[in-house]
Structures are given as structure tokens and as C-alpha cells.
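A.B. asks: I'd like to ask you about the structure that follows.
The values are calculated or read from the model by the stated rules, or taken from the named source; none is laboratory data. Keep in mind that what you see is a predicted model, and the values were worked out from it rather than measured. Positions of Cβ are generated from backbone atoms using ideal geometry, with glycine treated the same way; all protein chains shown enter the neighbour counts. SASA here: full protein model, heavy atoms, side chains in, ligands and nucleic acids out. Shrake-Rupley method; radii C 1.70, N 1.55, O 1.52, S 1.80 Å.
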Amino acid sequence: MKHIKKEFLLNCTPEKAWQLVVDRSKYEKWADAFQEGSTYSGEMKLNETISFVDETGNGLVSKVVVFEPEKEIKFAFLGEVTDGKYVEVPGFSEMLEHYLFEAIGNQTKMFVDVAMDDDYYDMMNELWDKAGTELIKLSNE
């Protein structure tokens, strides 16, 4: 497992930065950097199951394991959905996606830490840079 660690300085309050992650319509704008048509289903709340999927409904399934509005949210991955079928993937047990939000004056520093399989690290590291650029643009709106 490798960790992708990123910091993005967003031109907004922690409240607005938080919404970029938990508000589906805002999430879709920057998550498109990973896969066109990216969205999620489920409710962003502690212990809820969230499916991060593409426009065909294929993707990853996770559980919200930390949920502190405007401060921190963490997802632990459980499995994947392919062609409408969910399969638990034991190898995903160490995969996490963690966001921290810290107010810096009238801006927000967003820390992202993603633990992932080594095979996808290089590709996802580059895609996170693209997603970060989109997050910064959205924070200016």
C-alpha cells in the first residue's frame, strides 16, 4: 500500500470546502478528473455506505468511518460494483481516503491522504493533481 498525500489551498471557508466533498453536485465537478461521469450514491453520514461510481454504475464501495462536518471525513473501502453486482474485496481493507480541512485566514487548507494499491499509485497520483486544480477553481466560485 502506498499513500498519495496532497494539500490544496482553497479560496473559501471550511464550510464551503466541506461541501465540495459531501455535496453530490459539487463532488461530480471535480471528481470528473478521475473518470468522466463520476458520482456517488448513498448518504454522507457516519457509518453509511457510499458507492463511488462512473456513469455506468461501476466503481468502489466504501464506508464513512469518520464524519466531522467542516473538519474531517474518512472512507474505508469495502469492495467494488461491476455490472450491478457488489463484491466484497478483502484486499481493500487497508484502502482509505481521508480528508482534513483547516482554516487558514479566509482560506482552507485541504489535506488529502489516500492509501491505495501500489499498481494504481502513479496513475492516481497524477489524477489527484488534476482533481486538485478543479477543487481550487471551484473554491473561487
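A.B. asks: So for the chain, taking the charge dipole from beta-carbon charges (+1 Lys/Arg, -1 Asp/Glu), which of Met95, His3, Val21 sits furthest toward the positive end?
C.D. replies: The one lying farthest along the dipole's positive direction is Val21.
A.B. asks: Can I ask one more? Mind listing the phi-derived Karplus ³J(HN,Hα) values for the stretch 78-88, rounded to whole Hz, using 6.51, -1.76 and 1.60 with θ = phi - 60°, and x for any glycine or proline?
C.D. replies: 10, x, 9, 10, 9, 6, x, 10, 8, 10, 5
A.B. asks: Then there's this: Which of Lys29/Lys85; Lys26/Lys85; Lys5/Lys71; Lys2/Lys85; Lys2/Lys45 have a Cα-Cα distance over 24 Å?
C.D. replies: Lys29/Lys85; Lys26/Lys85; Lys2/Lys85; Lys2/Lys45
A.B. asks: Would you rank Leu127, Leu100 by solvent-accessible area, highest first, keeping every protein chain in place and using a 1.4 Å probe?
C.D. replies: Details: Leu127 25, Leu100 65 Å².
If we order Leu127, Leu100 from most to least accessible, we get Leu100, Leu127.
A.B. asks: Let me ask something additional. What do you reckon, how do Ser93, Ser62, Ser51 stack up by accessible area (1.4 Å probe), largest on top?
C.D. replies: Ser93, Ser51, Ser62
A.B. asks: Now for a different question. Suppose the Debye formula is applied to equal point scatterers at every Cα of the stretch 2-139; what is log10 I(q)/I(0) at q = 0.16, 0.22 Å⁻¹?
C.D. replies: Log10 I(q)/I(0), no solvent term: -0.81, -1.61.
A.B. asks: Taking a 1.4 Å probe, which of Tyr99, Tyr27 shows the most accessible area, and what order do the others take after it?
C.D. replies: Sorted descending by solvent-accessible area, the residues read Tyr27, Tyr99.
A.B. asks: State the percentage of accessible surface on the chain attributable to carbon and sulfur atoms; use a 1.4 Å probe and exclude ligands, DNA and RNA.
C.D. replies: In the chain, the share of accessible area belonging to carbon and sulfur is 48 percent.
A.B. asks: Under 5 Å between amide H atoms, partner at least 5 residues away or on a different chain: which partners does Gly79 have, H built in plane at 1.01 Å?
C.D. replies: Here Val61, Val89 satisfy the definition.
A.B. asks: Compute the accessible area per residue over the chain, keeping the other protein chains in place, probe 1.4 Å, unit Å².
C.D. replies: On the way: 7720 Å² over 141 residues.
Each residue of the chain exposes 55 Å² on average to a 1.4 Å probe.
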